[in-house]
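See structure below.
Computed from the coordinates by the stated procedures, all read-outs in this text should not be read as laboratory data. Every value quoted in this text rests on a predicted model; they were computed, and no experiment measured them. As a convention, Cβ positions derive from the backbone with ideal geometry for all residues, glycine included, and neighbour counts pool all protein chains shown.
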Amino acid sequence: MRAEIPGVRGEDLQVNVDGATIRISGVRRVPPQVRVQRLLRMEIAFGPFDREVRVGVPFDREQVTARLEDGFLSVTLGKVRPRRRDVAVETE
């Protein structure tokens, strides 16, 4: 998964796994050097945000990693390895 999250620092971002859902939440802070008095138009909102993405394929919840770089959050989901299982054959 890849999400565009400009202006958010890593310490203001959380990624949680709940079943088959990935939840991305955090807060975009107003830069300290910017004094907002009046806005005509704002493309990126400041404040808290929260997004949930339901993943439609099986993945290993213990193998999820997240990396924030240049305003993009990359969340990598580990593949579920097929398990070999021997099946006992019943006889009469």
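Could we say that VAL30 is among the hydrophobic types (A, V, I, L, M, F, W, C) and surrounded by 10 or more Cβ atoms within 10 Å (Cβ to Cβ) here? So VAL30 fits the description; yes. Every condition in (1) exposed (fewer than 12 other Cβ atoms within 10 Å of the Cβ); (2) assigned to a strand (DSSP E or B) is met by PHE49 except one, and the failing one is (1). All of (1) surrounded by fewer than 10 Cβ atoms within 10 Å (Cβ to Cβ); (2) under 13 Å from ASN16 (Cα atoms) hold for THR76 with one exception: (1).
Against the criterion of being surrounded by 13 or more Cβ atoms within 10 Å (Cβ to Cβ) and without any contact (Cβ under 8 Å) to a residue 24 or more places away in the chain, ASP18 does not qualify. Residues that are among the small types (Gly, Ala, Ser), over 18 Å from GLN14 (Cβ atoms) and without any contact (Cβ under 8 Å) to a residue 24 or more places away in the chain within segment 46-83 comprise just one, GLY78.
Report whether or not GLN37 is more than 22 Å from the chain's Cα centre (by Cα), in a loop (DSSP other than H, G, I, E, B), farther than 22 Å from ASP70 by Cβ and not β-branched (Val, Ile, Thr). Considered against the rule, which asks whether it is more than 22 Å from the chain's Cα centre (by Cα), in a loop (DSSP other than H, G, I, E, B), farther than 22 Å from ASP70 by Cβ and not β-branched (Val, Ile, Thr), GLN37 comes out as yes.
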